[in-house]
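Only one structure is covered here, and it is reproduced in the block below.
The values are calculated or read from the model by the stated rules, or taken from the named source; none is laboratory data. Keep in mind that this is a model prediction, so the values were computed, not measured. Here Cβ is always computed from backbone atoms with ideal geometry, including for glycine, and neighbour counts include all displayed protein chains. Ligands, DNA and RNA are stripped out before the accessible areas are found, and what is left, the full protein with its side chains, is counted by its heavy atoms. Shrake-Rupley method; radii C 1.70, N 1.55, O 1.52, S 1.80 Å.
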Amino acid sequence: MLLKRKKGIRPAQYKELVNIINQKDFTKLSDSELKQIINTYKQNYLRYLDNNSNIRDTKQFANGYMTQCYAITKEICRRVLCLEPYESQLLTGIALCFGKIAELPTGEGKTLAAVFPAVLNALTGKGVHVLTFNDYLAKRDAQWMQGIYEFWGLKAAYIQENMDRPQRRKAYLADITYVTPKEAGFDYLRDSIVYEKSETVHRLFNCVIVDEADAILIDEARTPLVIAGNIGDQHQIDNRLLELVGLLRQNIDYMTDENSRNVYLTEKGSSVAEKYLSCGNLYSRKNVETLTDINNLLHAKVLLKQDIDYIIKDGRIEIIDEFTGRVADRRKWDYGLQIAIEALHGIKCTASNRILGKIPIQNFISLYPEMSGMTATAKSSEDEFGSTYEHDVYVVHPNKKCIRIDYDDYVFTHKEAKYNAVVKEVCTSHSMGRPVLIGTSSIKESEQVAALLRQQGIECVVLNAKNDEEEAKIIALAGKFGAVTVSTNMAGRGVDIKLGGEDSPEERKKVLELGGLYVIGVSRNECVRIDNQLRGRAGRQGDPGSSRFFISLEDDLLVQFGLKKDIPSKYYGFRQEERLDDRKLLSLICHIQRVVDGQNFEIRKTLGKYSYLLEWQRRAFMKKRFEVLSSGAPGLLSTEKKELYDELCSRYGKERVDEIQRKMSLNCMDELWYDFLEYCENIKEGINLVLAGRKEPVDEFNRLSISKFEQLQEEMKERILETLENTDFSMNDSQLADKGLKTPSATWTYIINDSIKVKNFSIFSRL
Ligand code: ADP
Ligand code: MG
């Protein structure tokens, strides 16, 4: 499943390639002469690929075809966008072509850098996807770069959430498609349940360039994309369990762990439950479902907070995105938890669906045979890119040296002192008109900080926009004279902050004199990479700028992870208004951040282990399904059963038999597959509940899922045969539907909400 690391041209040689590109000069040619060169180039290049079985890591390829393509693209860029690509952009483009994760700071023009490898890869006609961070950027970037592609005779397109299937199919047929991983992934899932090949929208996956690669490949990597449909019965939570959970007492019958990420029954709570339900040992196999329901109900009741994690609107639960504070579109919790929270609020079950397909973003992206990525912050997560994806990080230096000053953190004993100091610092900068961007860890904190600033009479903009486009417009203005912007540290990725605002040299000059943008972080993230993203908002393209983090010993990072013990005991219970002047504390805090980041990496690795085998099985199943979709089931039949098929054909006509048997076969396969998925979900929960602490849960999970998958393969053949034997091939479509062709009448796609990520790690006290 891992993506191949490209060999061949070494990074040390990239600079030479840039020199070759720069030696080529097309400036004197007219547009039509340049197009002539393009045509000749295309023919030669395609012939080369044909004759060399697509080998693209030789010197001949790099020095010849690649540099020629990049040099032409560079010239087109000058003509169409009136921009002279920097050496740093060419280097990034080269690194991307060789499958690297390229690091180039914010504002250096990665959008343009990606066009070089996109053109080169798109010339084969097999399609290139550029994955963007959100829909707004997909549209912006496709439209922005379109002119360059057109000059090459290539077509660029983009996908938006509200597009219908035909529009999507058309966009995927373009040579280059800008799309979010979410949309591309949902389309893939929808393609995997169609009954007619012509209904699919994707082509075979070919090449992908991932923008904001760290966010997509690391932070979002384990987020599962899901497609669900309404067939079959829904799970019901017994009212007695609801009553029981109402009776359980915190810290007596159940406990939460210090991260408030898990909740579990105590010994005492388990016996209360056993008595109340008269169910015998709660941890026996027969009670797995009951225990899972109790666990989910507790999770919903104790860990999820109304109006913070979710709101209830029009009789529905809507999840709130922690970072943006917006209602998260198309997001649900895992099936069991979603049902539990609805049951708690007496809401009619909306999770009454069956999972028809599910794939984590990481596994989706690894379906592309060729992948590369770019972001401003990759180096600090180099290990994870290496071990999870087998891709190297290649660091490109900015066009102009970065002169931003990153000051040491200011550390305070308690939060109040920290916030007071932040407000004071903002006042000082603001009184001169210097723009300040304040990065917070959540929308709630943004609002707190904004309220404190307003008390001091400072007008500020809080970034809580309704959509990405609005957000982009606001953040783009954060560099204006006198601007104070409060935002979560994740908001506005991909949007440039220009000093002085849009295109105003005088305004820009004023802000330059004040030292550029000042970025203040009010807490450290669990990952230093995210902190670096925030700092990188200032000092773009050689501009001046500075950054500083304000932290307190009460911050979540220090409290939540049980690492407070690492802090010298003299600071316990000690409060002072002035900051602590203790250099040792600074390195200690960096240490704690590294530990927490390491723990999160481990969690992602474990989650990856659970999905590794399932992904293999999914691919094996989908391969079979695709065969049947393309040519029906005869391929699955044994020789003697083939006779049955031939006989049916001669009786009812081959075309009709093929169509019916294809649909019926797919239906059998899907039914079995949905059962299999459900089984895997159940054992995953059950394994953690029942077996944690005894055996390696992952091994046990794999053992069970392997034997179930074998069973599935056997059953598939049998059921298809049985179905063929029992189908009346003279039926029309509506009769067919009545007779058991059970397709979902509606499907919907969503992503599973983050908060569940850690739930799989519940270790129950009883074990
Ligand atoms: P990144 O994605 O690296 O943060 P963008 O692609 O959003 O950066 O580009 C940032 C800004 O830099 C854009 O306004 C773009 O027009 C500008 N830019 C990109 N390349 C060049 C160039 N070669 N010369 C001048 N400006 C450029
Ligand atoms: Mg960008």
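Quick notes on this one:
- Accessible surface, 1.4 Å probe, highest first, among residues Arg140, Arg618, Arg47, Arg240: Arg47, Arg240, Arg140, Arg618
- Region 405-581: antiparallel DSSP beta bridges as a percent of all, rounded to 5: 5
- For region 239-351, the equivalent ellipsoid derived from the Cα gyration tensor has semi-axes of 27, 16, 11 Å, listed largest first.
- Antiparallel DSSP beta bridges within region 239-351, as percent of all bridges there, nearest 5: 80
- Estimated distance in nm for a label pair at Glu577 and Asn239, the labels positioned 7 Å out from Cα along Cα-to-Cβ: 6.0
- Carbon/sulfur fraction of accessible area - the chain, other protein chains in place, 1.4 Å, %: 49
- Net charge over other residues, Cβ less than 12 angstrom from the Cβ of Val486 (K, R count +1; D, E count -1): -1
- Residues whose amide H falls under 5 Å from that of Ala538, counting only those 5 or more places apart or on a different chain, are absent, with hydrogens built in the peptide plane.
- Here the chain is assigned +1 on the Cβ of each Lys and Arg and -1 on the Cβ of each Asp and Glu. Its dipole about the Cα centre then comes out at about 1340 debye.
- Qualifying lysines (Cα of each under 25 Å from Cα of Lys510; at least 8 residues distant if same chain): Lys400, Lys401, Lys424, Lys473, Lys480, Lys498
- Taking label points 7 Å from Cα along the Cα-to-Cβ direction, Glu470 and Leu83 give a separation of 2.8 nm.
- For the residue pairs Lys182/Lys609; Lys139/Lys170; Lys35/Lys155; Lys348/Lys624; Lys197/Lys348; Lys74/Lys110, the C-alpha atoms sit more than 26 angstrom apart in Lys348/Lys624; Lys197/Lys348.
- Accessible area expressed per residue, region 405-581, with surrounding protein chains retained (probe 1.4 Å, Å²): 42
- Note, ³J(HN,Hα) from phi for region 278-295, Karplus 6.51, -1.76, 1.60, rounded to Hz, x at Gly and Pro: 6, 10, x, 4, 4, 9, 7, 4, 5, 9, 3, 5, 4, 5, 4, 4, 4, 4
- By DSSP, the beta bridges lying fully in the chain are antiparallel in about 30 percent of cases.
- Student exercise, region 239-351 dipole from Lys, Arg, Asp, Glu Cβ charges, in Debye to nearest 20: 260
- Solvent-accessible area of Glu87 with every protein chain in place, 1.4 Å probe, in Å² to the nearest 10: 90
- Ratio Rg/Rh, restricted to region 75-226 and using Cα atoms, in which Rh is the Kirkwood radius: 0.96
- Here's the list of lysines a cross-link from Lys59 could span, going by alpha-carbon distance under 18 Å and ignoring same-chain residues fewer than 8 apart: Lys6, Lys7, Lys15, Lys24, Lys100.
- Whole-angstrom gap from region 258-304 to region 696-728, using each part's C-alpha centre: 31
- In the full protein context, region 239-351 carries 48 Å² of accessible surface per residue, based on a 1.4 Å probe and ignoring ligands, DNA and RNA.
- D_trans [Stokes-Einstein, Kirkwood Rh over alpha-carbon pairs] for the chain, 10 °C, 1.306 mPa s, µm² s⁻¹: 55
- Largest accessible area first, the listed residues Cys349, Cys402 line up as Cys402, Cys349 when surface is computed with a 1.4 Å probe on the assembled protein chains.
- Local electrostatic count at Gln448 - Lys and Arg +1, Asp and Glu -1, tallied over other residues with Cβ under 13 Å: +1
- Radius of gyration (Cα atoms) of region 405-581, expressed as a multiple of 2.2 N^0.38 Å: 1.03.
- Straight-distance crosslink candidates among lysines, where the alpha carbon sits under 18 Å from Lys565 and sequence neighbours closer than 8 are dropped: Lys584
- In the chain, the DSSP-assigned H stretches of four residues or longer account for a calculated mean residue ellipticity at 222 nm of -14500 deg cm²/dmol, using -39500 (n - 2.57) per stretch and the full residue count as denominator.
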